[in-house]
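A quick write-up on the structure given underneath.
No value in this document is a laboratory result; all are computed from the given coordinates. Predicted model only: the values in this text are computed from it and were never measured. Quick reminder, even Gly has a Cβ in these numbers, built from the backbone with ideal geometry, and neighbours come from all protein chains shown.
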C-alpha cells in the first residue's frame, strides 16, 4: 500500500447550472482528488492552504476519510480561495464569474515530513512553481508523479509549466489544452509531442467524450458513462485524476496495463461526481455503488470478438 | 449465411479537404455500405439508380466483390446523382457545395426477385418513401431492418420518415440528428424516445467520438480509433453501417451481445475508410489488415479489472 501526496486547491465554489445554483460550498481540486483517492484506503495527504473563514467541518470531511490534513495550512487572517462559475445549457462550457485567489496568492506548500517518501505525487492544477516546489521537497524521486494543469498557466506561466512538465511521469490535460500546448489538432500527434516534453504517459480528458491514455504506440480509451443528465460537471476532472492516482498508489503497479484500470476507476468515480452539486455525491458513495458502476463500465465497453489470425 | 439487401445512392462525389481535392469520383451511401458488407462474404444486392454517364468500371468494382448489381437501374438518358462538399479544417464539419439529384429525383427502387426473402435489409440514407417502398417489396418480414437517415428528411419529410422508422429494428443516426428528431439533448434520453417510435435498437454515431448502441437498459460504446490524421471522412458513417449490417447478415445472430461485435466491426471498417479519398482505401483492404485493426480495437478498449462483489 503506497502513500499519496496531493497538492491542489481547497476552496469555496459557487455554482450555477441549468438545474439550480448553490451558495459557497466545498470545492477545490485537492478536495475532489482527495475524496476520490480516499475510496482506495491509501495513506494520502493534502497539501494546500485555506483562510480563517474555512469551516473546520469541511476539513473534517477529509480527515474522517483518512486523508491527512496536516499539510493544509490555515491562514487565520486570510480568506479562502473562491471560484464561481455558470454552466451553459450544454453543460460542456462555462463562464467563470468570480475568481478570488485570496490566501492562494502567497501559497508556499509544505509537504508533511512523513509524506516526503510517498510513492505517488498528484500535482493538482495550481501555479507550476507551486507544483515544482512540492516535487523539490520529496526526499527521493517518487515512483509516479502525475500533473494536472489548465490553459490559464499556458497563457501566463508557460516556461515554468514546461519545466515542471519535464519532471513528471503522467500529464493529465483536456483535449483543448493538449491542442493549445502542442499546436497540434490531432490528439494522437499532440500526445506524442507531449511525451517528447517529458511525461512517459499522457491522459487526454475529453469530458463527456471520455479519456485517452497514451504511452508510445499504446493507446487506451475509456468512455464517460452515458448519463441521462449531467447535474454539475464541477470537479469531474479532478475526481478522475484522484481515482487514477488513488488506484495506482494502492496497487503500486505503474505499468500501462494497470494504468488502463486506473483510467476506468477514474472514469467510474467521475461519473458519480457529476450527479449532484460539488462534492455532495462523493460524500455518500459506498463500495457497493462503485462495484455496480464498474460493472456498468464493463457492459459498456467489453465485447467478445475472438480474433483468429488468418 | 444470410442475404443482405442494401438500398441507397450510387453516386459521383467531388471532395475537398485540407489535404487536397478530387474530381468526380465513386461515391454514394450504397457504394460504401456495399463495399463494407462485401468484407463478410455475404450474399448482398444493391438497389439504386445511376445515369448513362456512370462508368461500368465503377459498377464492376461492386460486382467483382460479389455484390449483386442487378438492382441498380441504369437510366441511359439520365445523369448520376452528384454531391460535392468541402471539409473545414477540423474535419468534423463540411459545407455542401453542390447537390444534383438527377436520376435520383424519380427513383423507384426495384428489389431483385431473389432478394425479396433477404434476412437483413439495410436502408441507406434516401427519401423515406423510397426506403418504405423497398420494405413493402419484401416477401416476408426480414429478420432485421436497419435504417440510416439524416436531418434533411426531418426538415422536409418528417411524417414519411416517422412512418418508416416505425417499421425498422435498428435506427442508425448521428448525435445532432438524434437530438433534432427527439428534441432531447441527452443522448440517453434521445435513444429512449427513438425506441418509443419503433426501433428496438438505436445506434448513435458521434463521428470521431465513437458510436453508442442502445436497447432498453443496455448500452454499448465503441470509440473511433484515434488516428494521426483523418484524410477524408466521406462515407465513414455508411461504411460503419455496412460493416454493422454485413456482420449481422453473416452471423445471423441479432442479439444485443452480437450487435456489440457488429458495432466494433463497423467502427473498424470506418477507421480505414477515412484514411484516403472516397472509396480508395476500401478497395485495397484485405483480411489481414482488418484482423490487425480489430486487435487494435481490443487493445484500445479492453481492460482487466476483475470484479468481486463485496
Label geometry 7 Å along the beta-carbon vector: residue A:227 inter-copy distances in nm: 3.2
Approximate shape of segment A:88-136 as ellipsoid semi-axes (Cα gyration tensor, √5λ), whole Å, largest first: 30, 16, 8
Mean ellipticity per residue at 222 nm, deg cm²/dmol - from DSSP H runs of n ≥ 4 across chain B, formula -39500 (n - 2.57): -10500 deg cm²/dmol
DSSP beta bridges in the protein assembly as shown [antiparallel fraction, %, rounded to 5]: 40 percent
Selected from B:274, B:98, B:67 as most flexible by GNM, with chain B as the system and alpha-carbon contacts under 10 Å: B:98
Shielding by other protein chains, B:179-192, mean Cβ within 10 Å: 2
Label zone at residue A:197, where the point sits 7 Å out along the Cα-to-Cβ direction: segment A:112-131 residues whose backbone N lies under 17 Å: A:123-131
Calculated label separations, residue B:176, copies of the chain, 7 Å along the beta-carbon direction, nm: 1.8
Computed over segment A:5-301, the ratio Rg/Rh where both radii use C-alpha atoms and Rh is Kirkwood: 0.93
Top of A:216, A:143, A:206 by mean-square fluctuation, Gaussian network on chain A, Cα under 10 Å: A:216
Efficiency of FRET from Cβ geometry, residue B:188 and residue A:93, R₀ 22 Å, rounded to 0.05: 0.65
Using a 7 Å Cα-to-Cβ projection, residue B:198 label spacings across copies, nm, ascending: 5.8
Computed lengthening from residue A:287 to residue A:23, 0.36 nm per intervening residue step minus Cα-Cα distance: 92.1 nm
Cα centroid separation - segment A:79-104 against segment B:1-66, whole Å: 52 Å
Rg(Cα) / (2.2 N^0.38 Å) computed for the protein assembly as shown, rounded to two decimals: 1.05
Cα shape, segment A:166-253, gyration tensor, a/c 1.5 rule: oblate
Nearest-0.05 FRET efficiency for residue A:255 and residue A:66, computed from C-beta distance (R0 22 Å): 0.25
Longest to shortest principal axis, alpha-carbon extents of segment B:143-195, angstrom: 30, 25, 14
Mean separation of Cα contacts under 8 Å (6+ apart) over length of chain B, as relative contact order %: 18 percent
Residue B:154/residue B:100 FRET efficiency (R0 22 Å; Cβ-Cβ; nearest 0.05): 0.50
Peptide-level mean, for A:214-222, of C-beta atoms on other protein chains within 10 Å: 4
